[in-house]
Amino acid sequence: MSGAGAAMARVHLEREQHSLAESQVAALAVLAERVRALNEVVVHTGAAEDELAAVSAEIAALTERLSADPRRPHPPIAQAGRDGIFRQLASPVTGPLNPIAPPLDVEILPDGTARAEFTLNGVYEGPPTFVHGGVSAMILDQLLGMAASANGTPGMTATLDLRYRRPTPYGVPLAAEAKATGADGRKSWCEGRVIDPEGRTTVEATAMFVMPRF
């Protein structure tokens, strides 16, 4: 591992000293899933104003209840998986503890491809009936970064170029995949895409990652 890579790993290890027990992770994942479901209901609800006010008051009370306990200074730490890639528990893309994450379950294939199959709902709508372009970019950035890490050349996103080939629908099964295409010193390059149910590419992306000098 490079000096920069070792430094990044030390940051993760230092935060692992305050890691959550698996029972806490499981309990928080259930809570996040409940809030995720609430997010979707809020977007689609047709409830009357008095009902909305009553529910808002209940949510405010629950927020105050959770806020009464000491807060962690950082989101839940990343835990290293068996593949050696740090699992971000609070990632806005893959984090099971983050209510705004779909979340995606990303698999690293034997050839180094990072792949995920998922379905997005109306929370992620941009143009009517289609996924917001920024959400597609976020998903591809995540997979591209994981592909770079799987290649042994992790880094931070330096450039991310996207080509929107056609609208990406939500409410249907989608897939995204990314793979490293090259590396040179602290730099690495990856390509990825989002795929619709018919197997057509809706968004293509290329990215360069750079390992910072710590």
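Would you be able to say whether some residue in the stretch 157-169 is under 24 Å from PRO197 (Cα atoms), under 17 Å from the mean Cα position of the chain (by Cα) and crowded, with 22+ Cβ neighbours inside 10 Å? No, the conditions are met nowhere in the stretch 157-169. Answer yes or no as to whether THR153 is touching a residue at least 60 places away in the same chain (Cβ under 8 Å), open to solvent by less than 40 Å² (accessible area, probe 1.4 Å) and in contact with a strand residue (DSSP E or B) (Cβ under 6 Å, 6 or more places away or on another chain). Considered against the rule, which asks whether it is touching a residue at least 60 places away in the same chain (Cβ under 8 Å), open to solvent by less than 40 Å² (accessible area, probe 1.4 Å) and in contact with a strand residue (DSSP E or B) (Cβ under 6 Å, 6 or more places away or on another chain), THR153 comes out as no.
Taking the stretch 90-111 as the range and being more than 17 Å from PRO173 (Cα to Cα) and open to solvent by less than 20 Å² (accessible area, probe 1.4 Å) as the test, the residues that pass are SER91, GLY95.
Checked against (1) modelled with pLDDT under 95; (2) part of a loop (DSSP other than H, G, I, E, B), SER149 passes all but condition (2). Do we have any residue at all in the stretch 19-39 that's open to solvent by 60 Å² or more (accessible area, probe 1.4 Å), among the basic types (Lys, Arg) and at pLDDT 95 or above? Yes: one or more hits.
The values are calculated or read from the model by the stated rules, or taken from the named source; none is laboratory data. These numbers come from a predicted model, not from an experiment. With ideal geometry, Cβ positions are generated from the backbone for all residues, glycine too; neighbour counts draw on all protein chains shown. Note: areas computed on protein heavy atoms with side chains; ligands, DNA, RNA excluded. Shrake-Rupley method; radii C 1.70, N 1.55, O 1.52, S 1.80 Å.
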